[in-house]
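Presented below is the structure to which this report refers.
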Amino acid sequence: MNSATDPQQLLKQYFGFDTFRPGQEQVIRTLLAGRSATAIFPTGSGKSLCYQLPALMLPGLTLVVSPLLALMKDQIDSLQARNIAAQRLDSSLDEASYRRVTQEIRSGQLKLLFVAPERLGNERFLNLIRGLQISLLAVDEAHCISSWGHNFRPDYLKLAGAAKELKVDRVLALTATATPQVSIDMARAFDIADDDIVNTGFHRPNLELRVTSCHHAERATLLVERLRERPAGATIVYVSLQRHAEEIAEHLVKAGFDAKAYHAGMQSEQRVATQDAFMHGKVPIICATIAFGMGVDKADIRYVYHYHMAKGYESYMQEIGRAGRDGAASICELFACPDDCTTLENFVYGDTPDTESIQSLVSELLDAGDEIDIAITDLSRRHDMRQLVVNTLLTRLELSGIIRSEGHYYGNIRFAPKGSSDEILAHYPANQAAFMRKLFSCCSKARKWISLDMETAMAHTGQDRGVILRALDSLQHKGLAELQLAGYRQRFRRLHQTVDLSALSKQLEDTFHRHEQMEISRIESMLAYAQSATCLTARLLDYFGEPIEPCGHCGICLGDQPAALHQRQHTSIKSLDLSGFQQLVAQHPKALTRPRQQARFLCGMNSPAVSATRGLRGNPLFGSCAPVTFAEVLATRNTSD
């Protein structure tokens with residue numbers, strides 16, 4: 001660390017600010033003192049500065065873990081514009097870019113490196129950074145480490161272990177949506193002292209929260225009315241489904257507004273162009289799923305409309321937090337329609353694996369012996385369980401002490417040489433050339449690609465996987481070959497020889513069902529919020545452990561009557577024509593035999609087995625029960641012949 005440099009000076013020199021925002025200086029000085037810290041700041045309150053500035057003052061590398069590729073790109077562009085050495089490693093990089101970034105890492109040129117959480121379980125990446133001084137690990141969206149968090153991601157649970165393995169000097173956990181329990185979980189995972197948890201509060205006095213009760217059919221007209229009666233300004237309209245984004249944008253265009261749709265189903269180029277147009281003020285209104293907004297730093301968003309209900313307080317807080325980052329007054333209005341809960345609940349229920357899937361997957365793992373070697377994609381397909389759910393199950397088995405991760409590796413390794421063996425070996429000293437020659441003797445050659453059998457290479461050279469991978473990486477680093485690693489696999493060691501399969505499966509099933517109920521309760525909490533007779537801001541903040549007096553600037557405080565929500569309406573499955581479904585089940589037993597598989601299919605939720613069956617998603621019965629509650633559909637499947 002350059003102790004002669006004052007954070008205040010760097011703040012002005014690199015970032016152009018005269019003063020820190022609340023909480024920033026305390027976090028930065030904690031890190032510079034050598035301690036780990038938590039930064040719980042509202043969305044748009046400058047969390048990223050808390051690691052960007054220390055990175056300039058600390059020796060070695062600052063490693064930033066973020067689940068958001070868009071955020072990485074935006075931050076890196078901004079940092080590079082300030083002459084700060086920052087890069088990212090992700091799957092979108094071509095060979096030349098990957099080689100350039102790895103060279104900058106090895107040479108110590110980089111100050112900040114952005115990666116996704118999954119990369120810290122990547123064999124090649126760990127070999128690259130092992131031994132480097134990592135002065136700071138910054139974990140963005142750190143609430144994802146907590147099973148109580150609204151975006152629980154299994155790979156986040158492994159970050160604390162990775163930090164210890166890599167001998168990281170200090171950790172910074174960052175989030176905008178941490179309940180008191182989630183805050184405790186983050187601090188416990190990263191050994192952060194209570195005094196080093198900096199929570200600046202969630203209250204945004206410039207946000208005017210409103211709730212309007214409506215029927216589904218009234219919303220489109222209501223939205224047009226709001227847009228016409230209020231001064232023009234940058235606007236986000238959040239919807240539940242991709243098709244809704246398209247439909248609402250089209251409706252607004254017909255009503256005379258300049259609006260665009262944004263969702264994950266669009267082509268990447270189209271999404272980027274739409275986001276850029278909004279960021280630069282060329283398109284004032286975006287109709288979007290929640291795929292839009294994460295990592296988007298636009299200060300002057302004046303309105304956030306929730307055309308459909310949000311799926312919980314955490315999501316709602318994050319989404320409305322994109323409004324009014326410049327401090328100017330902004331309106332966040334929720335169109336409250338209880339009918340939306342059917343769609344939101346169906347998403348939750350659809351992720352829960354059935355008993356048979358859990359039992360078959362656990363049985364396969366525990367029958368594999370002490371050394372378990374798996375590919376997540378294969379497990380997902382065989383047991384009809386989404387990859388995220390498979391990862392969650394594996395993580396639960398690790399936390400239960402039944403298996404232990406032995407790391408990730410690539411099952412298929414090949415390279416395309418850019419010259420003869422003699423020409424390539426000429427670039428190495430004699431001892432290294434002899435080692436490379438041994439490696440080459442373990443390869444099989446095709447027209448372009450040379451494939452390496454790792455087990456043979458380890459036996460022949462007497463070296464472990466890490467040494468061999470570094471040698472192969474050197475070929476790419478020197479520009480002597482193009483390296484391709486595929487067949488991503490994981491190794492686990494079984495720790496307990498005697499396991500009651502039935503009891504374990506039941507325990508895992510109960511865990512998934514508890515999580516399911518927690519997500520359902522989040523949806524129900526939004527209904528309660530929408531009907532609040534007291535200050536909306538106070539009700540929202542109380543959930544995050546921040547009691548306040550009535551805010552004076554929400555709809556209720558300004559004189560609105562509490563929203564009187566209509567009785568929830570949903571279609572009965574008895575009114576739908578499902579003739580031909582049993583015939584379809586008989587034709588596709590792997591994808592549609594079990595009741596929960598059938599319920600997912602009828603409610604329009606994709607699964608690995610459905611994806612793997614040609615034409616099944618295009619069948620008219622797929623999604624035919626989307627307006628029906630998942631519970632009702634599942635009940636009919638459980639009682640059908």
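For the stretch 117-127, the count of residues that are assigned to a loop (DSSP other than H, G, I, E, B), surrounded by fewer than 20 Cβ atoms within 10 Å (Cβ to Cβ) and either without any contact (Cβ under 8 Å) to a residue 60 or more places away in the chain or not assigned by TED's automatic domain parsing to the domain that holds residue 486 (or both) is at least one.
Does residue 79 satisfy the criteria of being in contact with a Leu (Cβ under 8 Å, 6 or more places away or on another chain), not charged (D, E, K, R) and not in a helix (DSSP H, G or I)?
no
Whether a residue is among the charged types (D, E, K, R) and in a helix (DSSP H, G or I) was assessed, and residue 514 passes this test.
Here residue 493 clears all of (1) closer than 30 Å to residue 424 by Cα; (2) outside any helix (DSSP H, G or I) except the condition numbered (1). Residue pairs whose Cβ atoms lie under 9 Å apart, sitting 6 or more positions apart in sequence or on different chains, and linking a residue in the stretch 252-277 that is assigned by TED's automatic domain parsing to the domain that holds residue 225 to a partner that is assigned to a loop (DSSP other than H, G, I, E, B) and loosely packed, with under 15 Cβ neighbours inside 10 Å, are 252/258; 258/282; 271/264; 276/282. Does at least one position in the stretch 511-523 carry a residue that is touching a residue at least 40 places away in the same chain (Cβ under 8 Å), in contact with a strand residue (DSSP E or B) (Cβ under 8 Å, 6 or more places away or on another chain) and not polar (S, T, N, Q)? No, the stretch 511-523 contains no residue that is touching a residue at least 40 places away in the same chain (Cβ under 8 Å), in contact with a strand residue (DSSP E or B) (Cβ under 8 Å, 6 or more places away or on another chain) and not polar (S, T, N, Q). Note on the stretch 284-387: enclosed helices (runs of 4 or more DSSP H) holding 3 or more residues that are within 30 Å of residue 598 (Cα to Cα) are 340-351, 355-366, 376-383. Taking first residues from the stretch 598-625 that are touching a residue at least 24 places away in the same chain (Cβ under 8 Å) and surrounded by 15 or more Cβ atoms within 10 Å (Cβ to Cβ) and partners that are acidic (Asp, Glu) and not in a helix (DSSP H, G or I), the Cβ contacts under 7 Å between residues at least 6 apart in sequence or on separate chains come to 607/384; 608/384; 609/384. Is it the case that residue 629 is surrounded by fewer than 19 Cβ atoms within 10 Å (Cβ to Cβ), of a type in the set (Val, Ile, Thr) and either in contact (Cβ under 8 Å) with a residue 24 or more places away in the chain or not assigned by TED's automatic domain parsing to the domain that holds residue 312 (or both)? Taking the combined requirement at face value, the residue does not satisfy it. Looking across the stretch 220-258, not a single residue is closer than 21 Å to residue 315 by Cα, touching a strand residue (DSSP E or B) at 6+ places or on another chain (Cβ under 8 Å) and among the basic types (Lys, Arg).
Residue 444 meets the conditions (1) under 30 Å from residue 238 (Cβ atoms); (2) free of Cβ contacts under 8 Å to residues at least 12 places away in the same chain; (3) not aromatic (Phe, Trp, Tyr) in every case but one. The failed one is (1). Considered as a group, the residues in the stretch 374-426 that are among the acidic types (Asp, Glu) and more than 18 Å from residue 510 (Cα to Cα) include one that is modelled with the lowest pLDDT, and that residue is 406.
Hey, among the residues in the stretch 52-74 that are assigned to a helix (DSSP H, G or I) and in contact with a helix residue (DSSP H, G or I) (Cβ under 8 Å, 6 or more places away or on another chain), which one's modelled with the lowest pLDDT?
70
Of the residues making up the stretch 14-41, those that are over 16 Å from residue 171 (Cβ atoms) and buried (at least 22 other Cβ atoms within 10 Å of the Cβ) are 24, 41. The strands (runs of 3 or more DSSP E) located wholly in the stretch 163-232 that include 2 or more residues which are under 18 Å from residue 41 (Cβ atoms) and touching a residue at least 60 places away in the same chain (Cβ under 8 Å) occupy 171-175, 197-199. Figure legend. Inter-residue proximity from the stretch 325-338: first residues over 11 Å from residue 238 (Cα atoms) and not assigned by TED's automatic domain parsing to the domain that holds residue 303, second residues in a strand (DSSP E or B) and of a type in the set (Gly, Ala, Ser), beta-carbon distance below 7 Å, spacing 6+ or different chains. No pairs are indicated.
Scan the stretch 266-283 and give yes if some residue there is in a strand (DSSP E or B) and either touching a Phe, Trp or Tyr at 6+ places or on another chain (Cβ under 8 Å) or modelled with pLDDT under 95 (or both), otherwise no. Looking through the stretch 266-283, none of the residues is in a strand (DSSP E or B) and either touching a Phe, Trp or Tyr at 6+ places or on another chain (Cβ under 8 Å) or modelled with pLDDT under 95 (or both).
When residue 401 is tested against the conditions (1) surrounded by fewer than 17 Cβ atoms within 10 Å (Cβ to Cβ); (2) over 28 Å from residue 127 (Cα atoms); (3) touching a residue at least 40 places away in the same chain (Cβ under 8 Å); (4) in contact with a His (Cβ under 9 Å, 6 or more places away or on another chain), the lone failure is (2).
The values are calculated or read from the model by the stated rules, or taken from the named source; none is laboratory data. Here the structure is a predicted model, which is why all the values come from computation and not from measurement. Neighbour counts are summed over all protein chains in view; Cβ atoms, including those assigned to glycine, are modelled from backbone coordinates with ideal geometry.
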